[in-house]
Amino acid sequence: MDYQPYDDKTQLDRQIERYPLSFTRNPSAPLIQRPLTLTERTGPVGLERELGAGPLDLSRACVEGPSRPRAVGQLISVFGRVTDEDGSPIPNAIVELWQANSAGRYIHEMDKTDSPLDPNFTGQGRLLTGPEGEFQFYSVKPGAYPVLESGWWWRPPHIHFSIFGVSWMDRYVTQIFFPGEPLNETDLLLNAVHERDARNRLIFEYDSTSMGAVNAISYRRDFVLRGHRQTPALE
């Protein structure tokens, strides 16, 4: 099947000035092409069971029981669809998520910031898209955090998305940002996507607020995985 090509201006710069890690995360020589076998195109199967993908509420502690404690922070609902370049839905895709807590802290040994951890927040999980490629989850809005080795750069609030297709060779990774954040204007990764329309595809769309049984702010982001309207990949 032939897919529409995309313009490099709509994607992330491979090497980003003032971001040294970008020079080590990309190959310095052309990739070696090799044929894909049936195994690589179709497997592994049952990945959703292996990875524990299912209904997801990142805002609550991962403990059993009817009244799981909720993490500190503004409750948000995030929803959208995953489609191909023609708008056809991609059902049963595994969407993997990870983010900082409301204080801007990851549960990871490499996070050296002094922001507090939240005992009721793990900041990661997985879900499956529905028949129309739809997904939805709850979380708390992540906080901004400093990139300590830079001496000046703060990352704006964002959520990491990783989407798996029909095989482990089909994986797409990006970061989605929140509208109206002043730190969006100086983020080295977000602004390494030079085309404005493409950059806007990396920012959530505000949808609505809810009050009552669930008090939350809703955001939407659809993902297009091929073609000239492809959502930029951001690692």
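Miscellaneous remarks
- Residues of the range 32-64 classified as within 30 Å of Ala216 (Cβ to Cβ) and modelled with pLDDT under 80, total: 9
- Looking across the range 103-115 at every residue that is of a type in the set (A, V, I, L, M) and modelled with pLDDT under 95, the one that is surrounded by the most Cβ atoms within 10 Å (Cβ to Cβ) is identified as Ile107.
- So Glu149, is it in a helix (DSSP H, G or I) and without any contact (Cβ under 8 Å) to a residue 40 or more places away in the chain: yes
- Applying the set (1) touching a helix residue (DSSP H, G or I) at 6+ places or on another chain (Cβ under 7 Å); (2) crowded, with 17+ Cβ neighbours inside 10 Å to Val166 leaves exactly one unmet item: (2).
- Pairs, first in contact (Cβ under 8 Å) with a residue 40 or more places away in the chain and within 29 Å of Val193 (Cβ to Cβ) in the range 207-231, second assigned to a loop (DSSP other than H, G, I, E, B) and of a type in the set (Lys, Arg), C-beta under 7 Å, six or more apart: Thr231/Arg201
- Subset of the range 1-21 [hydrophobic (A, V, I, L, M, F, W, C), part of a loop (DSSP other than H, G, I, E, B) and either under 16 Å from Glu195 (Cα atoms) or modelled with pLDDT of 80 or more (or both)]: Leu12, Ile16
- Checking each residue in the range 175-207 for being of a type in the set (S, T, N, Q) and within 20 Å of Ser218 (Cβ to Cβ) picks out Gln175, Asn184, Asn200.
- Filter result for Thr174 (part of a strand (DSSP E or B), of a type in the set (Ser, Thr, Tyr) and under 30 Å from Arg68 (Cβ atoms)): yes
- Selection within the range 189-203 - touching a residue at least 40 places away in the same chain (Cβ under 8 Å), buried (at least 17 other Cβ atoms within 10 Å of the Cβ) and assigned to a loop (DSSP other than H, G, I, E, B): Leu189, Val193
- When the criteria are applied in full, Asp118 meets the requirement of being more than 13 Å from the chain's Cα centre (by Cα) and surrounded by 18 or more Cβ atoms within 10 Å (Cβ to Cβ).
- A residue that is assigned to a loop (DSSP other than H, G, I, E, B), within 23 Å of Val147 (Cβ to Cβ) and among the aliphatic types (A, V, I, L, M) occurs nowhere in the range 34-57.
- Residues located in the range 80-102, provided they are assigned to a strand (DSSP E or B) and either within 19 Å of Leu234 (Cα to Cα) or at pLDDT below 90 (or both): Gly80, Arg81, Val82, Thr83, Ile94, Val95, Glu96, Leu97, Trp98, Gln99
- Of all residues in the range 95-113, those that are more than 20 Å from Val173 (Cα to Cα) have Cβ atoms under 6 Å from Cβ atoms of residues that are in a strand (DSSP E or B) and at pLDDT 95 or above, 6 or more apart or on another chain, in Ser102/Val140; Gly104/Tyr145; Thr113/Tyr145.
- Gln74 vs. criteria at pLDDT 95 or above and surrounded by fewer than 17 Cβ atoms within 10 Å (Cβ to Cβ): yes
- Test: residue in the range 22-31 that is among the aliphatic types (A, V, I, L, M), in contact with a Lys or Arg (Cβ under 6 Å, 6 or more places away or on another chain) and not in a helix (DSSP H, G or I): no
The values are calculated or read from the model by the stated rules, or taken from the named source; none is laboratory data. Note that the structure is predicted; figures quoted are calculated from it, not measured. Don't worry about glycine lacking a Cβ; one is built from the backbone with ideal geometry, like all the others, and counts go over all protein chains shown.
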